[in-house]
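Trainee: Pasting in a structure now, in structure tokens, and then I'll have a few things to ask.
The values are calculated or read from the model by the stated rules, or taken from the named source; none is laboratory data. If you're wondering where the values come from, they're calculated on a predicted model, not measured in any experiment. Cβ: placed from backbone, ideal geometry, glycine included. Neighbour counts: every protein chain shown. The area values use the complete protein model at the heavy-atom level, side chains included, leaving out ligands, DNA and RNA. Shrake-Rupley method; radii C 1.70, N 1.55, O 1.52, S 1.80 Å.
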Amino acid sequence: MLAWIAHHFHWIMPWYYLLPSLLFLLTFTVMPIGLTIFLAFTDYAGNRNTQLNPTTETTIVQAAGTQVETADLTSLRCEVLFEGCLGVRVRLYTAGTLEVQGVNLENNVLTVSPAPPEGRTVSAAELELTEFGIRAQFPVVAIDGDHLTLGRTPPGEVNLERVALEVAGEVLERRIVAIQGTTLTLDAPLPEGFTYTSLARYNDFRVVGWANFRTILGQANRALLPVFAWNLTFATLTVLINIAVGVFLAVMLNDPELRFRNLYRTLLIVPWALPAIITIQIWRGLLNYNFGAINRLLALFDLPIVDWLGDPNAAKAAVLLVNLWLSFPFMMTATLSALSAIPDELYEAARIDGASAWGSFWHVSAPLLRSALVPIALTSFALSFNNFNVIFLLTDGGPATTGGTSTARATDILISWAYNEAFRSQGGFAYGLGSAISILIFVITLAVSLINFRVTGALKEERAV
């Protein structure tokens, strides 16, 4: 297609080599964003995914015109759909036995009257074998009007007065427009000449407007606000603690008189080098209430043990501790790089002026580190704000809190809460609700980021004096 476009529209040639990149941009960025926005206003979910649901098959008692009487509507499970089964597509199955009379049988060719309805598939013919006193089925391999070719020739004499033809099922699709008791009204009449045996519904979804957002805001006091408050606290404390520990270690390791400092640097980078998934699982074992090494060490010194993963406050502290272990090497390395760029003459001048080690750090190192640490802190804040891995793998969002919901627990942040709502509630895979939460998370993250940029002046242009 691209070659054809380039050949017929020469003016597009300057853009020709950008087209693959543009296609990838549309496919992996623009389309997911557009799909997320669209699904946020629908009830799309695992049980509302436009697919046929065979488990809802319901027996048809009688069907005529647009009216279909069913044996029981409970098997349709209309309650899982947002507005029941109204407007939902159904697939109707036809099958059964067609009674005809045999006219003639020559070898394996059976002539019947009347002929099978046009368009219907006959799979077998049931004949009475008079010599054996039984009825037997013979497969039909070809149909030509009223002539049926059987797969094998019936043995002996055959009673042709009553022939039963097995008619294969046909499939029709309609939409439910009304429900009264066990009777369904369809949007179009059903054709005559069919035996309707059962129907099954589709997992149709529909546009529900702002319903998902109303659902989220309706439980704001129990879910959205507590989760957002902890999310903001978690990201802020993570950045502050990581910067404090990273800068402290970097200043210690930057001292040229410290022996074995290269060894210390190597050892302190190990938590950064190990895969986070493995590290978090190890920490989960260390923090185990009954068998964890940390509680065993506390018990060894006759100190009270802590339910690190079962108590809400202790779980939050555990999350901050593990996230510190995973993040401080990066902050330490970044600070070491910034410290190495500070000329030694500045420290020498500070010592001549009588500054102590603390004074040298506060009046020399800290101001020069600011320009390097501000963008790192903002990036760290954004990553921590959506740090799904440490929450999911360490505490899984738990433990439960009083007054909360099953999807918004003590250590859940916005992104893990969205995951719980989308994939663990409403029967699983509530994409519509999850998309609505994703949009809210985007708005909240954007607002928090803009506030950060404004407070820190990260986007302020430097003007020459």
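Trainee: Conditions first: (1) surrounded by fewer than 14 Cβ atoms within 10 Å (Cβ to Cβ); (2) under 23 Å from Asn53 (Cα atoms); (3) not hydrophobic (A, V, I, L, M, F, W, C). Tyr202 passes all but one, so which condition is the exception?
Mentor: (1)
Trainee: Yes or no: segment 380-387 includes at least one residue that is closer than 30 Å to Asn254 by Cβ, without any contact (Cβ under 8 Å) to a residue 40 or more places away in the chain and open to solvent by 30 Å² or more (accessible area, probe 1.4 Å).
Mentor: Checked segment 380-387: at least one residue is closer than 30 Å to Asn254 by Cβ, without any contact (Cβ under 8 Å) to a residue 40 or more places away in the chain and open to solvent by 30 Å² or more (accessible area, probe 1.4 Å).
Trainee: For the structure I just gave you, tell me whether Ile352 is touching a Leu at 6+ places or on another chain (Cβ under 7 Å), surrounded by fewer than 18 Cβ atoms within 10 Å (Cβ to Cβ) and not polar (S, T, N, Q).
Mentor: no
Trainee: Right, another one. Find the residue count for segment 261-314, including only residues that are of a type in the set (A, V, I, L, M, F, W, C), crowded, with 17+ Cβ neighbours inside 10 Å, free of Cβ contacts under 8 Å to residues at least 24 places away in the same chain and not in a helix (DSSP H, G or I).
Mentor: 2
Listed here are the residues, each with its yes/no results for (1) touching a residue at least 12 places away in the same chain (Cβ under 8 Å); (2) crowded, with 18+ Cβ neighbours inside 10 Å; (3) under 21 Å from Ala318 (Cα atoms); (4) more than 24 Å from the chain's Cα centre (by Cα).
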site	(1), (2), (3), (4)
Asn212	yes, yes, no, no
Ile216	yes, yes, no, no
Asn221	no, no, no, yes
Leu224	yes, yes, no, no
Ala235	yes, yes, yes, no
Thr238	yes, yes, yes, yes
Asn242	yes, yes, yes, yes
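Trainee: Find the residue count for segment 330-342, including only residues that are more than 10 Å from Val247 (Cα to Cα), open to solvent by less than 60 Å² (accessible area, probe 1.4 Å) and not small (Gly, Ala, Ser).
Mentor: 1
Trainee: Restricted to segment 244-260, and to residues that are closer than 19 Å to Phe328 by Cα and open to solvent by 20 Å² or more (accessible area, probe 1.4 Å), which residue is modelled with the lowest pLDDT?
Mentor: Asp255
Trainee: Which pairs do you get when a residue that is outside any helix (DSSP H, G or I), found in segment 325-339, comes within reach of a residue that is open to solvent by 30 Å² or more (accessible area, probe 1.4 Å) and of a type outside the set (Val, Ile, Thr), reach meaning Cβ atoms under 7 angstrom, with the pair 6+ apart or on two chains?
Mentor: Between residues of segment 325-339 that are outside any helix (DSSP H, G or I) and residues that are open to solvent by 30 Å² or more (accessible area, probe 1.4 Å) and of a type outside the set (Val, Ile, Thr), there is no close pair.
Trainee: Okay, next question. For segment 39-69, which positions are β-branched (Val, Ile, Thr), open to solvent by less than 60 Å² (accessible area, probe 1.4 Å) and over 23 Å from the mean Cα position of the chain (by Cα)?
Mentor: Once the filter is applied, which keeps residues that are β-branched (Val, Ile, Thr), open to solvent by less than 60 Å² (accessible area, probe 1.4 Å) and over 23 Å from the mean Cα position of the chain (by Cα), segment 39-69 yields Thr56, Thr58, Ile60, Thr66, Val68.
Trainee: A further question on this structure: Tell me yes or no: at least one residue of segment 20-38 is in contact (Cβ under 8 Å) with a residue 40 or more places away in the chain and open to solvent by less than 60 Å² (accessible area, probe 1.4 Å).
Mentor: Within segment 20-38 (the criterion being in contact (Cβ under 8 Å) with a residue 40 or more places away in the chain and open to solvent by less than 60 Å² (accessible area, probe 1.4 Å)), the answer is yes, since at least one residue qualifies.
Trainee: Taking segment 80-129, which residues are more than 25 Å from Glu192 (Cα to Cα), more than 46 Å from the chain's Cα centre (by Cα) and open to solvent by less than 70 Å² (accessible area, probe 1.4 Å)?
Mentor: Asn104, Leu105, Asn108, Val109, Leu110, Leu127, Glu128, Leu129
Trainee: Here's another thing I want to ask about it. Could you check segment 128-196 for strands (runs of 3 or more DSSP E) lying wholly inside it with 2 or more residues that are at pLDDT 90 or above and under 27 Å from Gly84 (Cβ atoms)?
Mentor: Result: 158-180, 183-186.
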